[in-house]
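Written out below as structure tokens is the structure these notes cover.
Taken together, the values in this text are just the output of simple stated rules run on the coordinates, not laboratory data. All values derive from a computational prediction rather than experimental measurement.
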Amino acid sequence: MRLKTLPQAVLEAQKRDPETALNKFMLASLIRDKKIPYGNHGNRTVVDYDLIVPAINALLDFSET
């Protein structure tokens with residue numbers, strides 16, 4: 001489990017794939033639609049980074065490579 005704030009999660013995704021379309025607004029939308037679990041730490045929203053890619057792949061019906 002790697003908890004990250006939304007901006008941290010986006011930066012991590014950009015390190016992994018510089019051409020990613022993932023941004024904090026997309027993550028916030030997935031959270032609002034209850035597609036990925038989240039938690040609050042003070043006034044910050046945190047997500048488990050390890051769950052983001054599988055959740056997006058499942059939503060788009062992609063198989064992970």
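How long is the gain from Asn40 to Thr20 if the chain were fully straight, where each residue apart is worth 0.36 nm and the alpha carbon distance is subtracted?
On the way: separation 20, 0.36 × 20 = 7.20 nm, distance 2.53 nm.
Working it through step by step, the gained length comes to 4.7 nm.
Taking every pair of distinct Cα atoms and averaging 1/r, then inverting, what Kirkwood hydrodynamic radius in Å comes out for segment 1-50? List each step's numbers first, then the result.
Numbers: mean 1/r = 0.0910 Å⁻¹.
With all distinct Cα pairs of segment 1-50 included, I get 11.0 Å.
To the nearest 10 degrees, how steeply does helix 49-60 sit against the main Cα axis of the chain, on a 0 to 90 scale?
For 49-60 against the chain, the angle is about 50 degrees.
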